Amino acid sequence: MQEPISKIPPTELAEPLVRAGSALARLQQWLMAATLLFTVFWLIFWWPRSPFVALLGVVLSVGGYAFVLALEGLAAAWLNRLDEAPRAGWRDLLGAWWQEVRVAPQVFAWRQPFRWASLPDSDEPSGSGTPAVVFIHGFVCNRGLWLPWMKRLRDQGVPYVSVNLEPVFGSIDDYAQLISEGVRRAQALTGAPPMLVCHSMGGLAARVWLASEPETPVHRVVTIGSPHRGTWLGRFSRVANGRQMRLGGDWLRALQAREAQINPTHTYARFVCWYSNADNIVFPASTATLPGADNRLLPGAAHVAMAFHPRVMSESLALLSSAASSPSERTAA
């Protein structure tokens with residue numbers, strides 16, 4: 001007979017992430033090193049021949065991602081024309097592009113490759129009555145994405161647990177066990193059902209886990225820019241989890257059918273879904289919503305930057321406070 005979750009010491013539930021390592025962090029470290037070497041050699045080779053070409057190469061090497069983000073934003077604006085979400089104006093779209101230009105290097109060139117193991121998960125039981133948070137990142141990310149959230153929770157004395165969804169380009173179905181272990185560790189910290197906070201693909205991974213363990217209670221599932229009904233960009237992917245996020249794809253329809261069979265009414269009542277009309281990755285915009293969920297529009301927010309938006313963080317953490325002050329919330333399944 002399986003031992004109750006609340007009685008299992010957190011240290012026995014899963015191997016610490018720091019010791020397990022992060023394949024994505026190593027990959028991004030290599031990419032950063034390769035970019036630096038290319039830039040240096042390009043300058044050495046071209047500067048004596050043409051300073052203009054030398055500087056142009058540096059700009060494209062270091063800042064070319066900004067052009068890609070602009071193309072994504074234009075595609076999103078075009079496809080959102082017929083979406084049910086309010087259309088974003090050009091000022092909002094430009095602001096979203098600039099948000100992502102600033103945030104992307106912080107996440108992909110610093111936090112994830114080099115700082116992903118900082119601010120370790122909580123390992124001491126908490127008697128505060130506040131549920132723990134389980135952080136579930138998205139596509140081509142690791143726990144380093146959540147460092148601003150982790151710092152805030154530490155300051156507030158709220159316990160948290162994170163997962164690294166690997167293999168990086170594997171099937172979303174394979175991440176359910178990782179999430180299960182994270183939820184078990186989180187509930188062992190407080191004895192209360194935890195709240196799941198998910199970005200992008202992480203919301204789909206959480207849904208797969210919930211469908212595989214429908215009897216396990218959670219306080220809330222907060223998704224931020226998650227492609228619940230797929231994304232137009234998924235058509236260009238050639239990796240397993242990318243293909244599963246294709247707009248209206250077979251995998252997504254099968255997941256929705258399984259969820260409806262498990263819970264025919266109020267299927268997504270526990271979900272809070274943040275979505276944006278300027279999301280440059282998940283579009284059309286309303287694909288990040290779920291029927292019957294608490295869908296909250298965040299106008300003019302870019303995909304990665306949305307995860308750190310002050311409103312998203314404040315309102316999501318307010319859900320924890322409401323659980324701590326309500327006995328019925330703490331014991332709800």
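Some values worked out for this structure:
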item	result
In Hz, Karplus ³J(HN,Hα) per residue of the range 304-309 (6.51, -1.76, 1.60; θ = phi - 60°; x = Gly, Pro)	6, 4, 4, 5, 10, 4
5 Å binning of all Cα-Cα separations within the range 161-275, expressed as whole percents from 0 upward	2, 12, 22, 25, 21, 12, 4, 1, 0
Extension reserve of the residue 87-residue 243 stretch, reckoned as 0.36 nm per residue once the Cα distance is removed	53.5 nm
Neighbour net charge for residue 232 - beta-carbon separation under 14 angstrom, K R +1, D E -1	+2
Residue exposure sequence - 154, 184 - by fewest surrounding Cβ within 10 Å	154, 184
Estimated D of the chain in µm² per second, where Rh is the Kirkwood radius over Cα pairs and Stokes-Einstein applies at 10 °C, 1.306 mPa s	77
Length-normalised contact order of the chain in % [C-alpha pairs under 8 Å, at least 6 apart]	20
Extension gain, residue 68 back to residue 314 (0.36 nm per residue minus Cα-Cα distance, nm)	85.5 nm
Cα gyration tensor shape of the range 163-207, rounded if a/c is under 1.5, else prolate or oblate by comparing a/b with b/c	prolate
Three-way shape call for the range 91-130 based on the alpha-carbon gyration tensor, with the a/c threshold at 1.5	oblate
Normalised contact order of the range 97-214, rounded percent, pairs of Cα under 8 Å and 6 or more residues apart	32
Global form of the range 202-333, assessed from the alpha-carbon gyration tensor, a/c cut-off 1.5	oblate
Highest-fluctuation residue, 31, 298, 196 considered, GNM on the chain with Cα pairs under 10 Å	31
Top of 54, 305, 76 by mean-square fluctuation, Gaussian network on the chain, Cα under 10 Å	54
Within-13-Å neighbourhood charge of residue 124 [Cβ basis; K, R +1; D, E -1]	0
Cα centroid separation - the range 44-58 against the range 207-281, whole Å	47
Length released on extending from residue 52 to residue 265, taking residue separation times 0.36 nm less the Cα-Cα span	70.4 nm
Fluctuation leader among 226, 237, 276 - the chain, Gaussian network, Cα springs under 10 angstrom	237
Cβ-based net charge around residue 28, under 15 Å, with every Lys or Arg adding one and every Asp or Glu removing one	+3
For 123, 173, 250, order by how many other beta-carbon atoms lie within 10 Å, fewest first	250, 123, 173
Cα→Cβ-extended label distance, 7 Å offset, between residue 39 and residue 101, nm	1.6
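Values in this text are rule-based calculations from the coordinates and carry no lab data. It should be emphasised that the depicted structure is a prediction, and the values quoted were computed from it without experimental measurement. Glycine gets a Cβ as well: all are built from the backbone with ideal geometry, and neighbour counts include every protein chain shown.
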